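Peer 1: Let me give you the structure first, and then I'll get to my questions.
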Amino acid sequence: MQVYERTKRTSWLAQPSGPCCLKGTLHEGKSRGRFDTVAGVETYISQPNADHANSHILLYFPDVWGMFPNGLLVMDAFADAGYLVLGLDYFRGDPVWKHRRNRHDQSNPNFDYEAWKRKHMKFADEAVPRWIDEVKRTYGQPSTKYVCVGYCFGAPYVCNELAKDTVTAGAFAHPAFLREEHFTKITKPLFLSCSEEDHTFDKDSRRTALDILQSGHKIYHLQLFSGVEHGFALRGDMKDPYQRYVKEQSLRGIVEWFDFWLS
């Protein structure tokens with residue numbers, strides 16, 4: 001293995017959300033959670049069945065589509081696995097799909113995607129820490145353990161928490177907005193669910209991230225799928241058997257990762 005030598009480079013490893021983040025299909029199903037306000041931020045809360053509750057809390061950081069049906073159903077699936085799930089809407093009712101339905105949609109030519117990203121990242125950077133503190137105060141008990149998962153835009157908030165003391169383990173799928181320091185600073189186990197072809201987190205960037213994790217003796221697991229693209233864990237076409245399989249395997253792998261580290 002080539003030893004990773006840290007540089008002063010501040011470029012992205014996982015690029016900011018781009019056109020690939022505007023692709024996807026809506027999934028069928030009815031979400032069963034509720035919305036409440038936590039630390040001033042609208043939050044989706046999905047509770048586990050009492051017979052399967054594991055007394056742990058899962059923090060969910062959404063992708064640029066925000067609180068859309070697919071994400072709500074994924075949060076419900078984590079709740080089905082026994083977790084009390086809370087996901088914050090750091091886009092404050094302004095997800096990207098309200099401006100661009102897909103990467104070819106030019107119905108709003110004045111939409112500035114870069115400015116939209118800067119605005120919401122600034123808010124999320126400030127809101128996430130206080131939101132987590134409020135989740136702990138309101139929903140946690142002294143014995144509660146926490147895990148976190150992020151998709152695309154949500155990945156850096158996973159890594160930030162893995163460098164702190166609240167969560168036991170974390171996971172992300174098809175990440176964006178990650179720098180080298182996100183990987184150097186983590187101290188808790190990280191699950192990476194990735195696609196072989198991803199313009200946001202490509203092969204070279206993925207290799208660099210793994211070199212950082214390996215040279216730093218971090219605990220991690222890489223789950224890598226061929227034949228799918230960025231967004232596969234949330235926005236794949238569920239009418240395609242393989243895309244459905246990949247989406248389900250990603251979720252199952254994350255659940256099993258959390259279950260192990262919390263056991």
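The values are calculated or read from the model by the stated rules, or taken from the named source; none is laboratory data. Being a predicted model, the structure only gives us computed values, none of them experimental. Don't worry about glycine lacking a Cβ; one is built from the backbone with ideal geometry, like all the others, and counts go over all protein chains shown.
Peer 1: Hey, does the range 149-172 have a residue that's crowded, with 21+ Cβ neighbours inside 10 Å and among the acidic types (Asp, Glu)?
Peer 2: Yes, because at least one residue in the range 149-172 is crowded, with 21+ Cβ neighbours inside 10 Å and among the acidic types (Asp, Glu).
Peer 1: Which pairs do you get when a residue that is free of Cβ contacts under 8 Å to residues at least 12 places away in the same chain and over 15 Å from residue 131 (Cα atoms), found in the range 152-165, comes within reach of a residue that is outside any helix (DSSP H, G or I) and of a type outside the set (A, V, I, L, M, F, W, C), reach meaning Cβ atoms under 6 angstrom, with the pair 6+ apart or on two chains?
Peer 2: Partner pairs satisfying both residue conditions: none exist.
Peer 1: Say whether the condition of being within 23 Å of residue 71 (Cβ to Cβ) and in a loop (DSSP other than H, G, I, E, B) is met by at least one residue in the range 118-130.
Peer 2: No, the range 118-130 contains no residue that is within 23 Å of residue 71 (Cβ to Cβ) and in a loop (DSSP other than H, G, I, E, B).
Peer 1: Here is a follow-up. Looking at (1) among the aromatic types (Phe, Trp, Tyr); (2) part of a loop (DSSP other than H, G, I, E, B); (3) within 18 Å of residue 35 (Cα to Cα), find the lone condition where residue 78 falls short.
Peer 2: Against the list (1) among the aromatic types (Phe, Trp, Tyr); (2) part of a loop (DSSP other than H, G, I, E, B); (3) within 18 Å of residue 35 (Cα to Cα), residue 78 comes up short only on (2).
Peer 1: Looking at 40, 33, 71, which is the one that is of a type outside the set (Val, Ile, Thr), at pLDDT 95 or above and surrounded by fewer than 13 Cβ atoms within 10 Å (Cβ to Cβ)?
Peer 2: It is 40.
Peer 1: Given the criterion within 20 Å of residue 77 (Cα to Cα), surrounded by 22 or more Cβ atoms within 10 Å (Cβ to Cβ), among the aliphatic types (A, V, I, L, M) and within 18 Å of the chain's Cα centre (by Cα), identify the matching residue among 234, 178.
Peer 2: Every option except 234 fails the conditions.
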